[in-house]
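The values are calculated or read from the model by the stated rules, or taken from the named source; none is laboratory data. None of the values given here were measured: they were computed from a predicted structure. Neighbour counts run over all protein chains shown; Cβ positions are idealised from the backbone, glycine included.
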Amino acid sequence: MTKQPMLLTLSLSLLVLVGLLFFAAPQMVNAGPLNQAAYATPTPNAEGEIIYTVQEGNSCTSIFLLTNVSIEQIIALNGLDENCTILPDQQLILATVAPATATPEGPTPTPTMSPPTPTPFNGNATVCVVLYEDLDGNQKRSDTEFYLAGGVANMNNREGTFSQSLDTLGGDPALYVVEDLPCFQNVPEGEYNLSMGIPNGYNATTTLNYPLSVTAGDTVIVDFGAQPSSAAVTNEDPAPSTDRSPLLLAIGFLLLAGGAALAFFFVRSRQNG
């Protein structure tokens, strides 16, 4: 074989190989940033109603998944038909709470007063605090929701003469009596602010700051609720896509076509020779 056909054969093989590589290899194209809907529970209005404004493309199912308010409750609170028909910009009532006297960050916990005691007042009160795992987010502790450890309660008065903190406990509430709960003891009669710091990985379902008025001899239990946070969106780059670039595909086709043309020319030249 002469040098000219050998060089022509090598060039043809190289062009075909490069064309196949461009055609077959997936091109790495970074996908765009991930979008994740976020929802923050709005503050109740003056009537104690929590309102959600319907967005374009919303359905009762998507609103339920976003807010954790059941479709049946949405229908009942807003007088909707059984198909839960809604329209964009429609204002839906998600819940009603008692109008707040202050400006809390969420639904206000209800203090539970202990039964009256026949013993004489000693001039002080007892304030007990619990943090429960509000799994369903309804601001009320059910029998299946346990106490949550890792929280820190703080209590202080307006004059700055009383300031104490204590840690919350965890476990089955059925195993505890009032005397076992974490309590602020010997609290003088007066006006106080009670606040709760929740553990990492949880979101509050009730207000975290609660104004409290105590009188001598009271024993008050205040419940705070928190539920596990949803999975956070990481800042990592999204997985690369295997979509082929149109430009590189076109180049691959051109290289293959050029290789085919050279092969045809080579065959014809051999035949004519």
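Go over the candidates 192, 176, 210 one by one and state the one that is in contact with a Leu (Cβ under 8 Å, 6 or more places away or on another chain), under 28 Å from residue 69 (Cα atoms), aromatic (Phe, Trp, Tyr) and touching a residue at least 12 places away in the same chain (Cβ under 8 Å). Quick ask: steps written out before the conclusion?
On the way: 192 fails: under 28 Å from residue 69 (Cα atoms); 176 fails: under 28 Å from residue 69 (Cα atoms).
It is 210.
Check every one of the strands (runs of 3 or more DSSP E) wholly within the range 155-234 and list those with 1 or more residues that are among the acidic types (Asp, Glu), more than 19 Å from the chain's Cα centre (by Cα) and at pLDDT 95 or above. Show your work before the answer.
Values: elements: 163-167, 183-188, 190-197, 202-204, 209-214, 219-228.
Qualifying strands (runs of 3 or more DSSP E): 163-167.
What are the residues in the range 154-169 that are under 17 Å from residue 182 (Cβ atoms) and either out of contact with any Pro (no Cβ under 7 Å at 6 or more places or on another chain) or loosely packed, with under 15 Cβ neighbours inside 10 Å (or both), if any? Within the range 154-169, 154, 155, 156, 163, 164, 165, 167 meet the criteria. Checked against the criterion of being modelled with pLDDT under 90 and under 30 Å from residue 62 (Cβ atoms), the candidates 115, 104, 120, 88 yield just one match: 104.
In the set 58, 78, 30, only one residue is modelled with pLDDT under 65 and either aromatic (Phe, Trp, Tyr) or surrounded by 10 or more Cβ atoms within 10 Å (Cβ to Cβ) (or both); that residue is 30.
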